[in-house]
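Here the structure is laid out as structure tokens; the discussion comes afterwards.
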Amino acid sequence: MNRVKSTLLCNAVDYSDERVSCLKLTPTNYVGTDNLLQNKLGKINADYTPTKGFTTAYSKGDILVGNIRPYLKKIWYANNDGGSSPDVLTFKVKEDFDSKFVFYSLIRDDFFAHMMRGSKGTKMPRGDKNQVLSFLIPDLEIKVQKKISDVLSSIDAKIELNNKVNLELEELAITLFNYWFVQFDFPDKNGKPYKRSGGKMEWNETIKREIPDGWKDGELQDIANITMGQSPAGDTYNENQEGVIFFQGCTDFGNRFPTIRQYTTKPARFAKEGDILLSVRAPVGTLNIAKEDCCIGRGLASLNSKDNCLPYLFGVMLNLKQIFDRRNVDGTTFGSITKDDLFSLKIIKPENAVLKKYNSIVNPIFQKQNKIELENLELIKLRDWLIPLLMNGQISASK
């Protein structure tokens with residue numbers, strides 16, 4: 001096998017010098033470090049968009065990389081035009097290179113390791129823009145580049161399709177939760193919407209609203225077993241798979257499951273497989289699900305359902321997120337929620353018969369979402385395994 005030639009990244013890309021008015025930005029086309037997803041999972045819509053002045057413009061086919069804490073591995077291949085924050089590196093690919101090929105050259109872990117080696121700062125390391133451009137990528141003929149990117153793009157297309165399906169399932173589950181437990185139009189004994197069909201409602205002084213007859217108010221601890229995380233000593237952390245999987249906070253959260261990065265040899269507090277993981281420090285309210293038994297640090301809490309209805313508890317936590325969002329912007333530098341506050345959050349307790357009926361409908365949706373996300377993780381693993389083999393010529397991308 002012939003050794004593949006390499007070239008500096010600066011020979012393949014330029015930083016964008018184009019500008020766009022912030023008035024043209026929307027949650028869909030603005031990219032900041034907050035809405036770029038960790039662990040190479042792309043991006044979501046932004047919660048915030050600047051409204052004054054101009055910012056860096058990007059175009060479809062550009063490559064955007066989070067430049068704060070590069071170890072979070074935030075990268076996205078643009079599928080639209082828009083604007084990006086100054087903390088996002090925006091690469092425009094030169095004519096002699098296939099943009100998708102360059103993207104796959106950068107999605108590798110060694111690129112982010114390269115960024116970290118040149119980063120400045122300790123608490124919030126930031127990549128050095130000049131050093132970033134010294135990264136070496138394969139220097140292949142453009143037709144070979146396109147063949148490689150076609151193979152890898154086919155995997156990403158399946159991942160994207162799965163993401164769309166899961167988003168639709170999530171929207172369906174949220175709609176059902178709101179219909180049953182916010183609007184109170186769950187099916188009555190005749191299969192008709194309870195409240196709209198004249199179902200009896202009673203004023204609840206604690207909740208400060210009317211709720212269905214027979215339902216009660218309560219606290220989160222009444223429906224959930226809650227474990228607050230506790231951080232082991234820092235010298236027990238490692239990335240060598242020694243000890244127990246450890247999540248300090250939501251740093252490694254993904255679309256649904258966290259990505260394993262750290263372990264600890266002296267675990268303190270645990271979450272079980274299938275538990276809900278809740279960020280209790282900024283950003284408070286972010287949710288994931290434990291894919292396996294793990295240790296949780298002080299940035300997390302774990303929850304499981306006392307009523308054996310995890311989809312309902314997950315819906316409650318999503319519905320409570322508006323409270324957590326307020327805490328995230330309550331004027332302090334970092335939002336947080338204490339044990340007492342979390343345990344005592346006010347909730348509505350439906351009748352058991354309603355919960356069981358809801359679980360029978362929504363649990364298959366919930367499990368389908370888990371299955372799809374697990375498939376995506378396997379597809380990502382396959383893609384990342386193929387990238388160096390294709391780039392180095394160990395396997396051929398010929399059709």
TODO: Would you please give the residues with an amide H less than 5 Å from that of R269, counting only those at least 5 places away or on a separate chain, with H modeled from the backbone geometry?
DONE: Q230, I296
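Which percent, to the nearest 5, of DSSP beta bridges fully inside region 241-331 are antiparallel? Write out the running numbers ahead of the final one.
Details: 12 of 14 bridges.
Of all bridge pairs located within region 241-331, approximately 85 percent are antiparallel.
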Task: Options (1) 122; (2) 132; (3) 168 - which one matches volume of the Cα convex hull per residue in Å³ as calculated here - done: (3)
Open item on the list: Taking θ = phi - 60°, what integer Hz values does the Karplus form 6.51 cos²θ - 1.76 cosθ + 1.60 yield along region 225-238, in sequence order, with x for Gly and Pro?
Closed with: 7, 10, 10, 7, x, 9, 7, x, 4, x, 6, 9, 6, 7
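How would M116, M124, M201, M317 rank on accessible area, largest to smallest, probe 1.4 Å? Write out the running numbers ahead of the final one.
On the way: M116 65, M124 105, M201 40, M317 0 Å².
So, going from the largest accessible area down, we get M124, M116, M201, M317.
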- [ ] Report ³J(HN,Hα) in whole Hz for each residue of region 114-126, in order, from the Karplus equation J = 6.51 cos²θ - 1.76 cosθ + 1.60 where θ = phi - 60°; Gly and Pro get x.
- [x] 4, 4, 5, 5, x, 6, 10, x, 10, 5, 10, x, 10
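Can you pull out the chymotrypsin sites (Phe, Trp or Tyr not before Pro) in region 271-361 that DSSP calls coil and that have at most 12 other Cβ atoms within 10 Å?
Working: sites: Y312, F314, F324, F334, F343, Y358; in loops: F334.
Within region 271-361, the qualifying chymotrypsin sites (Phe, Trp or Tyr not before Pro) (loop, at most 12 other Cβ atoms within 10 Å) are F334.
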Task: Gyration tensor verdict on region 133-258 (Cα atoms; rounded if a/c is under 1.5, prolate if a/b is larger than b/c, oblate otherwise) - done: oblate
Open item on the list: Once you order the gyration tensor axes a ≥ b ≥ c over the Cα atoms, which shape class does region 271-399 get: rounded for a/c under 1.5, otherwise prolate or oblate by comparing a/b with b/c?
Closed with: oblate
Task: Highest average packing first - 57-67, 155-165, Cβ atoms within 10 Å - done: 57-67, 155-165
Open item on the list: What does the C-alpha gyration tensor say about the overall shape of region 38-137? Classify as rounded when a/c is under 1.5, otherwise prolate if a/b is larger than b/c, or oblate.
Closed with: oblate
TODO: Please arrange R3, R269 by accessible surface area, largest first, computed with a 1.4 Å probe and ligands excluded.
DONE: R3, R269
- [ ] Could you list which residues have their amide H under 5 Å from that of Q248, counting only those 5 or more apart in sequence or on another chain, with H placed in the peptide plane?
- [x] G297
Task: Per residue accessible area of region 1-89, 1.4 Å probe, in Å² - done: 51
Open item on the list: Helix-only mean residue ellipticity at 222 nm, the chain, DSSP H runs n ≥ 4 weighted -39,500 (n - 2.57), per residue, nearest 500. What is it?
Closed with: -10500 deg cm²/dmol
Task: Alpha-carbon gyration tensor eigenvalues x 5, square-rooted, for region 59-196, Å - done: 43, 21, 12
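Which percentage, to the nearest 5, of the DSSP beta bridges contained in the chain is antiparallel? Numbers along the way, then the final one.
Values: 51 of 55 bridges.
Of those bridges, close to 95 percent are antiparallel.
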Task: Distance between region 68-99 and region 152-169 - C-alpha centres, whole angstrom - done: 20
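Can you tell me the FRET efficiency between D384 and R19 if r is taken as the Cβ-Cβ distance and R0 is 41 Å, rounded to the nearest 0.05? It would help to have the intermediate numbers written out before the result.
Working: r = 34 Å, r/R0 = 0.84.
It comes to 0.75.
The values are calculated or read from the model by the stated rules, or taken from the named source; none is laboratory data. Source: prediction; values computed, not measured. No Cβ is skipped: glycine too gets one built from the backbone with ideal geometry, and neighbour counts run over all protein chains shown. Heavy atoms of the whole protein, side chains included, go into the accessibility calculation; ligands, DNA and RNA do not. Shrake-Rupley method; radii C 1.70, N 1.55, O 1.52, S 1.80 Å.
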